[in-house]
Amino acid sequence: MAIRVIVAGASGRMGQEVVKMIRNEDKIRLVGGVSRSRKGEDAGEVAGVGPLGVTLVGSVEEALKQTEADVLVDLTVPHAVKAHMELAIRAGVRPVVGTSGLSRDDLNGIARLCAERGVGAIVAPNFAIGAVLMMMFARKAAQYLPHVEIIESHHDRKLDAPSGTAVKTAEMIAQNRPEFRQGHPDEEEWIDGARGAFVQGFRIHSVRLPGLVAHQEVLFGGHGQLLTIRHDSFNRESFMPGVKLAIEKVLQLDGLVYGLENILE
């Protein structure tokens, strides 16, 4: 039986890619779509693949009431995603979330709700398998080369900085790197923010420019050497294998998983 999926944010760039991906999968079926700006239109027409017989509605609540679903793929905005997840979990629908911006408190609250309801959920700061491997490699490298900085670059329409991928990478590095403040102790910024955001004793730098999609490099410095671990997503198709994997894996979970690396390992 096909996995029944609702896509929230179906008219956005990522949402359209997810609709296209589902259309080409025999074991996944689109049963609902959410878009405030394109409600009333066919999800397939909006995604440019022709009619699919799924009419977009204006809210996640409406979509959950109108159709029976197994999974909610949420690709909306940070301020809305927590409420969407709570609605889905209470309805017995498993969220797969690619929206960054959830706080640690938000994640803890969602984890408690998942445990209470016995419903699985996945929050993935990045769905690109290569990006997840980059984070896993960075975690390992930090054990041996603890002097590190992260540079992440995204399109200029991205709402949050630093990216969820950069924050997740920093958290994974911290697992193998005792916190210490690197660089010169008397370092001074002549222009505020020149050294980037300070986290766990090292720096994250965010670049926002048109033409970019999603790019990150993690620089590890040592005596006489530099290790660079880099990942580039050149288009949003790069995220689709990870989305498909998360849709399949979330059905096997009864709690919250934060980070795609936890279903790869």
>> Return the residues of region 214-264 that are modelled with pLDDT under 95, touching a helix residue (DSSP H, G or I) at 6+ places or on another chain (Cβ under 8 Å), in a loop (DSSP other than H, G, I, E, B) and not aliphatic (A, V, I, L, M); say none if nothing qualifies.
In response: Asp254, Gly259
> Looking at (1) of a type outside the set (A, V, I, L, M, F, W, C); (2) free of Cβ contacts under 8 Å to residues at least 12 places away in the same chain; (3) on the phi < 0 side of the Ramachandran plot, can you tell me which one His84 breaks?
Replying inline: (2)
>> I need the full set of residues from region 121-162 which are among the aromatic types (Phe, Trp, Tyr) and crowded, with 22+ Cβ neighbours inside 10 Å, in order please.
In response: Phe127
>> Name the residue that is surrounded by the most Cβ atoms within 10 Å (Cβ to Cβ), counting only residues in region 202-221 that are over 16 Å from Glu171 (Cα atoms) and of a type in the set (A, V, I, L, M).
In response: Ala214
>> Show the residue pairs meeting these rules: Cβ distance below 7 Å; 6+ apart or different chains; first residue within region 248-262 and outside the structural domain of Leu133 (by TED's automatic domain parsing) and farther than 25 Å from Ala2 by Cβ; second residue among the basic types (Lys, Arg) and buried (at least 18 other Cβ atoms within 10 Å of the Cβ).
In response: Gly259/Lys168
> Going by the conditions given, is Glu187 surrounded by fewer than 17 Cβ atoms within 10 Å (Cβ to Cβ) and touching a strand residue (DSSP E or B) at 6+ places or on another chain (Cβ under 8 Å)?
Replying inline: no
> Taking the stated definitions as given, is Asp106 in the same structural domain as Arg13 (by TED's automatic domain parsing) and at negative phi?
Replying inline: yes
> What tally of residues in region 116-162 results from selecting those that are closer than 18 Å to Gly259 by Cα and of a type in the set (S, T, N, Q)?
Replying inline: 1
> Which of the following residues is farther than 29 Å from Gly118 by Cα and more than 24 Å from the chain's Cα centre (by Cα): Gly40, Gly12, Gly44?
Replying inline: Gly40
> Name the residues in region 57-82 that are surrounded by 20 or more Cβ atoms within 10 Å (Cβ to Cβ) and not charged (D, E, K, R), would you?
Replying inline: Val57, Val60, Ala63, Leu64, Ala69, Val71, Leu72, Val73, Leu75, Thr76, Val81
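The values are calculated or read from the model by the stated rules, or taken from the named source; none is laboratory data. Remember, predicted model here, so these are calculated numbers, not experimental data. Counting neighbours? That spans all protein chains shown, and the Cβs are built from the backbone with ideal geometry, glycine included.
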